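*Asks:* Once you've had a glance at the structure underneath, I'll fire off some questions.
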Amino acid sequence: MYDQYDALIFDMDGTILDTEPTHRKAWHQVLGRYELALDESQMVGFNGAPTWRLAQFIIEKNHSSLDPYQLAAEKTAAVKAMLLDNVRPLPLMDVVKTWHGRRPMAVGTGSEHSMADALLKQLGVRELFTAVVGADDVERHKPEPDTFLRCAALMGVDPTRCVVFEDADFGVQAAKAAGMDVVDVRLL
C-alpha cells in the first residue's frame with residue numbers, strides 16, 4: 001500500500017504507542033500540586049505539540065505565574081516515572097514491522113528525544129527506526145514542518161517521497177507543510 005514512498009515517518013504518542021492515558025495522568029498529578037485546572041478536551045488540541053506549549057496554555061488559562069518550562073519539566077518527570085511500566089504498542093506498529101527492512105522509517109514526535117528513545121527501547125522496537133526526532137531536536141515544533149523535514153534529512157530521503165502517520169491536527173499540518181503525504185490514523 002505504501003510502495004510509492006521512499007520512507008515512512010510515524011508520530012509516536014497516540015500513533016504507534018498508547019501513551020496518551022499516562023500523559024493525562026501525569027498532567028493531573030502535576031497540576032494538582034499547584035491547584036491548576038485542565039480541560040481534557042482542550043488538551044487534545046495540543047497533541048503533537050511540545051510539552052512546554054501545553055504548559056504555557058494551562059498557566060495562561062489559570063492566570064498563574066508559574067514558569068511553563070518548569071511545569072513542563074515536572075510533567076515530563078512524572079511521565080518518565082510511570083510511562084516505562086505502562087506503555088503499550090498500538091495496532092499501527094504492525095505497519096512498522098511490515099515495512100522494516102523495506103524502507104527507512106523514522107519517528108517524529110513532540111516528546112523529548114530521550115523519552116522517545118527510552119519508550120521505543122522498552123518495547124524492543126527502537127532498532128526498527130533509522131532516526132528519531134524529538135521536540136528538543138528542532139527549534140520550530142509541529143505544526144511547523146521542521147520535525148518531519150529533519151526525519152527526511154536523517155534518512156537521506158526527499159521530503160516529497162515520504163508519508164507521515166499522524167493522530168493530531170498539529171502533526172497533519174506539519175506533514176502537509178513539509179510537502180509530505182499524510183495518513184490521519186484517526187480515520188483508519
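The values are calculated or read from the model by the stated rules, or taken from the named source; none is laboratory data. None of these values were measured; they are calculated from a predicted model. As a convention, Cβ positions derive from the backbone with ideal geometry for all residues, glycine included, and neighbour counts pool all protein chains shown. Calculation scope for accessible area: heavy atoms of the full protein, side chains included, ligands and nucleic acids excluded. Shrake-Rupley method; radii C 1.70, N 1.55, O 1.52, S 1.80 Å.
*Asks:* How many of the residues in the range 119-146 are assigned to a loop (DSSP other than H, G, I, E, B), within 18 Å of residue 105 (Cα to Cα) and either touching a His at 6+ places or on another chain (Cβ under 8 Å) or modelled with pLDDT under 95 (or both)?
*Replies:* Of the residues in that region, 3 qualify.
*Asks:* Do we find that residue 56 is open to solvent by 50 Å² or more (accessible area, probe 1.4 Å), over 18 Å from residue 118 (Cβ atoms) and at pLDDT 90 or above in this structure?
*Replies:* So residue 56 passes the test.
*Asks:* Could you list, in sequence order, all residues of the range 94-108 that are within 13 Å of residue 120 (Cα to Cα) and either without any contact (Cβ under 8 Å) to a residue 24 or more places away in the chain or among the small types (Gly, Ala, Ser) (or both)?
*Replies:* Listed by number, the residues that qualify are 106, 108.
*Asks:* Sticking with this one: Pick from the range 9-21 the residues that are open to solvent by 10 Å² or more (accessible area, probe 1.4 Å) and either polar (S, T, N, Q) or part of a loop (DSSP other than H, G, I, E, B) (or both): which of them is farthest from residue 176 (Cα to Cα)? Working first, answer last.
*Replies:* As a first pass, look at the range 9-21 and keep what is open to solvent by 10 Å² or more (accessible area, probe 1.4 Å): 13-14, 18, 20-21.
Checking which are either polar (S, T, N, Q) or part of a loop (DSSP other than H, G, I, E, B) (or both) leaves us with 14, 18.
Numbers: 14: 19, 18: 24 Å.
Filtering the range 9-21 for residues that are open to solvent by 10 Å² or more (accessible area, probe 1.4 Å) and either polar (S, T, N, Q) or part of a loop (DSSP other than H, G, I, E, B) (or both), the one farthest from residue 176 (Cα to Cα) comes out as 18.
*Asks:* For the structure I just gave you, tell me whether residue 126 is without any contact (Cβ under 8 Å) to a residue 40 or more places away in the chain and either touching a strand residue (DSSP E or B) at 6+ places or on another chain (Cβ under 8 Å) or open to solvent by less than 50 Å² (accessible area, probe 1.4 Å) (or both).
*Replies:* Against the criterion (without any contact (Cβ under 8 Å) to a residue 40 or more places away in the chain and either touching a strand residue (DSSP E or B) at 6+ places or on another chain (Cβ under 8 Å) or open to solvent by less than 50 Å² (accessible area, probe 1.4 Å) (or both)), residue 126 qualifies.
*Asks:* For the range 138-155, enumerate the residues that are of a type outside the set (A, V, I, L, M, F, W, C) and open to solvent by 50 Å² or more (accessible area, probe 1.4 Å).
*Replies:* The answer is 139, 140, 144, 150.
*Asks:* Restricting to the range 156-177, count the residues that are more than 13 Å from the chain's Cα centre (by Cα), hydrophobic (A, V, I, L, M, F, W, C) and open to solvent by 10 Å² or more (accessible area, probe 1.4 Å).
*Replies:* Result for the range 156-177: 2.
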